[in-house]
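Bear in mind that the values in this text are calculations on the coordinates, not laboratory data. Just so it is clear, the structure is predicted and the values come from calculations on it, not from any experiment. Positions of Cβ are generated from backbone atoms using ideal geometry, with glycine treated the same way; all protein chains shown enter the neighbour counts.
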Amino acid sequence: MKNVFSMATEDTKKARTIAIYRTLVENVTIGISLLSPKMEVLAVNKQMCEWFPNIKATKTIVCHRDFKPSPAADVCEYCPTRETLIDGQTHEAIVDFPSNADEIRSFKITSSPVKNARNEITAVIEMFMDYSETKRLEKFSENEISLRKAIEKNEDNFLVVDKNGVVLFTNPITEKLFGSEPGGLRGSVFGYPLGYDQSTEIEILNRLTGIRYAELGMVDIEWDRNPATLVLVRDVTDLKKAKQVALELAEQKRIDEIKSEFISTVSHELRTPMAIMQECVSQVLDGLHGETTPPQREMLSMTIENIGRLSRIVDNLLDISKIEAGRIQLKIELTDIVGLFKKVSSSFEAIARDKGLDFKKTFPQEKITIYIDKDKITQVLVNLLSNAIKFTNKGHIELWLGENNGIVECTVSDTGRGIAEEDIPKVFAKFEQFGRVEGAGEKGTGLGLAISKQLVELHKGKIWVDSKPGKGSKFGFALPKLSAQDMIREHVGLGLKKALVKGVPFSIIAFEIKNYGHLQQKLGAEKTGSHLDRLEQILKTNLRRQDDKVFKGVRAVIVMLPQTLKTNALAVLERNRIFIDKAVCGGIFDKDMEIISRVAGFPEDADTEEGLLVAVGM
Amino acid sequence: MAKKILIVDDDQEIVMLIAARLRANQYEIVVANDAVQAISKAHKEKPDLILLDNRMSAGSGLSVLANLRQAMDTILTPIIFITAYPSEKIKEEALEKGATDFIGKPFDANDLLGKIRKAFGERGL
């Protein structure tokens, strides 16, 4: 379209050409204007008039004077026509003009010189092309590209689906979720129901990972200028599992409560008649209701003894049913088991010697600290020691306690009658009393060892027996030394379970002595250990609620806050930090001590104990 | 002057036995059979010590305990809590609510008398 107007207008052929060109020019969607070298508008076509209604093809309009390119500017910043008039070449520019309807339109303007035979510029032809559409398209492409990039990189699952349900676009992670090969979803029908304004839950059968559950969310978008749907796919499989676990726990809790109610009722019902019998007989024996003869007193004494035995059986039964119902909660504390066993065994020494038996004890030199329920493990030791004494009439009882490879072992040996080989498997069973003739003293219940076995196994330990008839018996049990980390994991896990069941938040804060090693070098192991103890103390005293707990680790202390949102836990952290800083200033802590504190919460950060602990750097 | 002991238990036989035992030891006895009676008699008779059973019809011993500890004239009265199976949980709860001591069922008479004497001794009476 360069030389639209020919200068030789007399030629008929040319006239015809001109006429054709004129029609074209008139009807084309490109705006064309003809300017003089003084930038007077000589001619404009229909499109130009449409876009710029105030342009008139008169010699009085000067482009840059009368036709303002924009409300603010006087001249176009870069005028291609001016450039053409200067160098006689074709120039292009993209200029924004306010056109009709107050719109600012972008135009691509191409200016070409019209030259005469002497190569002088006699006119300039300007061609205006509506660029706004193009610009919009370019921008759209840019957006589309960044959208695509965002989708590719995104960790969430997206699909773009057209109105017929055909997948237009997706990212690798989503392909994996649906068990498809790369590119395998594009072009296929999505196949899952797309309801609007609701989130749908779907089941995805993935050959590799098994069934996954996902929540779909729908958003209307435009894709390649066509209406489409952006489908957001959220994998809720783990959440569903967690909810399932929570429901099971709640059900378990309900069952436990029923069992507990039963145990409590039975307990009361059995004990009341026993109490009455005991007190009745006891009162008669004590002479409250008149004189009694010696034979009568003997009868009554036997009665009382057996009521006592009955009572012990009921106690043991309740113990066992509690354990089996999972209702026993161990009260785990860091205990010096050597000290504990020394204390317990000392009372048995006297009983043994009274019976004429030797009592040998072997304890290690140093104390052994282990996480156990003091009362329950005492119960086990008492059971083994009293059995040994009961079934041994001469010889000795030997108690041995030691540690080996992170496992604490204890054995009680006696020189009693021993147990026959076929009876050994029954030793720890309930109510099995076989062949062993009991000596004088409290009669057994047949449940003691069964209970001991349960208690030891609740501690994740083992119990066993070595025995030969006539050669005596050796009972032993082993308890693993759980590390502080194991204990913390157990407690956090328990707290998290409770939170899941109740549907409430749960947060933990870890206060770690960052330069523990440095402090050990500077102050020695013991002083550094006591720093940790002091930190534990401070945090304990600052606890506000009954269920908040503090646990000491190897170089950190964990605060457990049930029913606490992460934001509130942060406030607790701040409060404690201020306290700790004061303590450092006050000389309670070495000024070199560096403490870092981190918070993690359920559900904000994780829904497993590993997740929470990792989030606080443990 | 004889010390007055209030026995709270809905079981008539137990009440009769404990009463016999305590009378033989020179204590004066008052009886309540349920939670409501327990509270009203505690205020009316002003006993020097209360033996409170945990399980009764119409209200648990724990709630009676809590109630008595909130009233001015019973806030200091020694209360021995009788419970069939003194588990850790019950003990903790009772202590929290203000029980002075515990005794299980069946109980040893001497044990009970000892605890009663101790409760009086603690108060310096």
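Take every Cα-Cα distance within segment A:354-407, group them into 5 Å bins from 0 onward, and report for each bin the whole-number percent of pairs it holds.
All Cα pairs, binned at 5 Å, distribute as 4, 14, 22, 23, 18, 11, 6, 1 percent.
What FRET efficiency do you get for A:GLU490 and A:THR293 if R0 is 41 Å and r is their Cβ-Cβ distance, rounded to the nearest 0.05?
0.10
B:ILE7's amide H: which non-local residues (gap 5+, or another chain) put their own amide H closer than 5 Å, with H modeled 1.01 Å from N in plane and none for Pro or chain starts?
Correct list: B:VAL30, B:VAL31, B:ALA32, B:LEU51.
From the gyration tensor of the Cα coordinates in segment B:4-119, what semi-axes in whole Å does the equivalent ellipsoid have, largest first, with each one equal to sqrt(5λ)?
Values: eigenvalues 67, 55, 38 Å².
Sorted largest first and rounded, they come to 18, 17, 14 Å.
Whole-Hz ³J(HN,Hα) for each residue in segment A:183-191, computed from phi via Karplus 6.51 cos²θ - 1.76 cosθ + 1.60 with θ = phi - 60°, x for glycine and proline: what do you get?
Ordered by residue, 3J(HN,Hα) equals x, x, 8, 4, x, 8, 6, 5, x Hz.
For segment A:556-618, treating each Cα as an identical point scatterer without solvent, what Debye log10 I(q)/I(0) comes out at q = 0.28 1/Å?
The computed values of log10 I(q)/I(0) come out as -1.22.
What are the semi-axes of the equivalent ellipsoid of the protein assembly as shown, taken as the square roots of 5 times the eigenvalues of the Cα gyration tensor, listed largest first and rounded to whole Å?
Details: eigenvalues 1804, 192, 149 Å².
Sorted largest first and rounded, they come to 95, 31, 27 Å.
Lysines near A:LYS115 by alpha-carbon distance under 26 Å, same-chain residues fewer than 8 away left out - which ones?
Cα-Cα hits under 26 Å: A:LYS2, A:LYS13, A:LYS14, A:LYS38, A:LYS46, A:LYS56, A:LYS59.
What pairs from A:LYS360/A:LYS426; A:LYS331/A:LYS497; A:LYS527/A:LYS591; A:LYS343/A:LYS390 go past 25 Å between their alpha carbons?
Details: A:LYS360/A:LYS426 28 Å; A:LYS331/A:LYS497 18 Å; A:LYS527/A:LYS591 14 Å; A:LYS343/A:LYS390 20 Å.
In this structure, A:LYS360/A:LYS426 exceed 25 Å between Cα atoms.
Would you kindly derive the ³J(HN,Hα) couplings of segment A:269-280 from the backbone phi angles with the Karplus curve 6.51 cos²θ - 1.76 cosθ + 1.60 (θ = phi - 60°), listing them in order in whole Hz, with x for Gly and Pro?
4, 6, 6, 4, x, 5, 5, 5, 4, 4, 5, 4
First obtain the Kirkwood hydrodynamic radius of segment B:1-49 from its Cα pairs, then insert it into the Stokes-Einstein equation at 25 °C and 0.890 mPa s, and state the resulting D in µm² per second as a whole number. Walk me through the numbers on the way to the answer.
On the way: Rh = 10.8 Å.
Using the Kirkwood radius from Cα pairs, D works out to 228 µm²/s.
Could you compute how fast segment A:513-572 diffuses translationally, taking Rh as the Kirkwood radius over C-alpha pairs and applying Stokes-Einstein at 20 °C with viscosity 1.002 mPa s? Give it in µm² per second.
Approximately 169 µm²/s, per Stokes-Einstein.
For a Förster distance of 60 Å, can you work out the FRET efficiency between the beta-carbons of A:VAL266 and A:LEU208, rounded to the nearest 0.05? List each step's numbers first, then the result.
Working: r = 52 Å, r/R0 = 0.87.
Once the sixth-power term is evaluated, E becomes 0.70.
Under a straight-distance cross-link criterion of Cα-Cα below 28 Å, which lysines are reachable from A:LYS163, leaving out those fewer than 8 residues away in the same chain?
Within reach: A:LYS135, A:LYS139, A:LYS149, A:LYS153, A:LYS176.
Once label points are set 7 Å from the Cα along Cα→Cβ at both A:SER188 and A:CYS585, what is their separation, rounded to one decimal in nm?
Roughly 6.7 nm, to one decimal.
Which of these, B:ALA66, B:ALA94, B:ALA109, has the largest mean-square fluctuation under a Gaussian network model of chain B (Cα springs below 10 Å)?
Looking only at B:ALA66, B:ALA94, B:ALA109, the largest GNM fluctuation is found for B:ALA109.
Anyone know which of B:LEU52, B:LEU62, B:LEU17 comes out most mobile in the 10 Å Cα GNM of chain B?
Looking only at B:LEU52, B:LEU62, B:LEU17, the largest GNM fluctuation is found for B:LEU17.
Can you compute the label reach from B:ALA19? Point 7 Å from Cα along the Cβ direction, backbone N cut-off under 16 Å, restricted to segment B:49-80.
Flagged as within label range: B:51-53.
Given R₀ = 22 Å, what would the calculated FRET efficiency be for B:GLU96 paired with A:LEU570, taking r from the Cβ atoms and rounding to 0.05?
In this case the efficiency is close to 0.10.
Amide H of A:LEU482 versus every other amide H placed in the peptide plane: which residues, excluding those fewer than 5 positions away on the same chain, fall under 5 Å?
Under 5 Å from the amide H of A:LEU482 lie the amide H atoms of A:TYR371, each far enough along the sequence or on another chain.
Taking the Cα-to-Cβ direction at A:LYS253 and at A:TRP400 and moving 7 Å from each Cα, how far apart do the two end points lie in nm?
Label at A:LYS253, label at A:TRP400, 4.7 nm between them.
Between segment A:194-265 and segment B:6-83, how far is it from one alpha carbon centroid to the other, in angstrom?
54
Below 16 Å, Cα to Cα, which aspartates and glutamates can A:LYS355 reach? Residues fewer than 8 away in the same chain don't count.
In chain and number order, the partners are A:GLU398, A:ASP414, A:GLU438, A:GLU442.
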